[in-house]
Each structure stands twice: as C-alpha cells, then as structure tokens.
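Notes follow once the structure below has been shown.
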Amino acid sequence: MRREKVFYMNTIKEQEHTFESYLYEMTKALFSEAIEVLDEKGRLTYEERDFDAGFYAYGLCGVIMDWVKEGMKMEPKEVSERLKSLARATERIGYIRSQAEL
C-alpha cells in the first residue's frame with residue numbers, strides 16, 4: 001500500500017466509505033472462514049461466528065484506515081507485524097473458546 005500511498009490517500013479522501021466497505025467485507029469473509037475452520041466441533045452458532053468475524057474485521061479496517069489517514073507514517077512492516085501478533089493471539093483465544101463447553 002505504501003508504494004501507492006498517493007492513490008490510497010486520495011481514494012480514502014474522495015471515496016472513504018466505498019474503500020472502507022470493500023475492505024470490511026473482504027476481511028470479514030476471511031475472518032469468517034478462519035473462525036469456521038477453528039470451530040472444529042461446531043460449538044459456535046452462525047450468529048456467533050458472524051459477530052466475531054465482524055468484530056475483528058471492524059478493528060482491522062479501523063487500524064488500516066487510521067494508518068492511511070495519518071499519512072502512513074508507521075512503516076508497513078511494523079503495522080503488519082503488530083497485526084500478525086494480534087491475529088496469532090486472537091487465533092489462540094478463538095481456538096480455546098471453540099473448544100470450551102458452552
């Protein structure tokens with residue numbers, strides 16, 4: 001994204017809602033798939049999985065949107081590493097939750 005910094009900053013400036021909606025829907029679909037895979041025993045309802053996926057997608061979109069709006073000052077690698085760290089921790093929490101007796 002940083003190589004195309006001007007494009008993304010202009011897109012968000014002119015089409016913020018469109019870009020954010022696209023990013024949200026894309027990330028929510030990815031989180032939905034991941035949650036479904038982690039929920040091996042099928043203990044979570046569709047509504048719970050959908051809610052969780054929306055929660056994580058909203059957070060990821062917020063971080064990325066803020067990063068772009070603030071001029072992408074943080075190095076992309078640092079943003080990526082922080083998001084990966086959170087994703088790994090969240091994956092562990094999600095797995096534990098899906099295995100628990102509800």
Name the single residue, out of those in segment 24-46 being free of Cβ contacts under 8 Å to residues at least 24 places away in the same chain and not in a helix (DSSP H, G or I), that is farthest from VAL6 (Cα to Cα).
GLY42
Scan segment 70-94 and report the pairs whose first residue is under 15 Å from ALA53 (Cα atoms) and whose second residue is part of a helix (DSSP H, G or I) and not aliphatic (A, V, I, L, M), with Cβ atoms within less than 8 Å and a gap of 6+ or a chain change.
THR90/TYR56; GLY94/ASP52
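Condition check: loosely packed, with under 13 Cβ neighbours inside 10 Å and at pLDDT 95 or above. Does ALA100 satisfy that?
no
For segment 52-77, how many residues meet the condition of being assigned to a helix (DSSP H, G or I) and surrounded by 11 or more Cβ atoms within 10 Å (Cβ to Cβ)? Reasoning before the result, please.
Filtering segment 52-77 for residues assigned to a helix (DSSP H, G or I) gives 52-69, 76-77.
Next cut, surrounded by 11 or more Cβ atoms within 10 Å (Cβ to Cβ) only: 52-65, 67-69, 76.
Within segment 52-77, residues that are assigned to a helix (DSSP H, G or I) and surrounded by 11 or more Cβ atoms within 10 Å (Cβ to Cβ) number 18.
Kindly establish whether ARG49 is surrounded by 13 or more Cβ atoms within 10 Å (Cβ to Cβ), part of a loop (DSSP other than H, G, I, E, B), in contact with a helix residue (DSSP H, G or I) (Cβ under 6 Å, 6 or more places away or on another chain) and not aromatic (Phe, Trp, Tyr). It would help to see each step written out before you state the result.
Working: surrounded by 13 or more Cβ atoms within 10 Å (Cβ to Cβ): yes; part of a loop (DSSP other than H, G, I, E, B): no; in contact with a helix residue (DSSP H, G or I) (Cβ under 6 Å, 6 or more places away or on another chain): yes; not aromatic (Phe, Trp, Tyr): yes.
Answer is no for this residue.
The values are calculated or read from the model by the stated rules, or taken from the named source; none is laboratory data. This structure is a prediction, so every number in the text was calculated from the model and none was measured. When we count neighbours, we look across all protein chains shown, and the Cβ atoms used for this are built from the backbone with ideal geometry, even at glycine.
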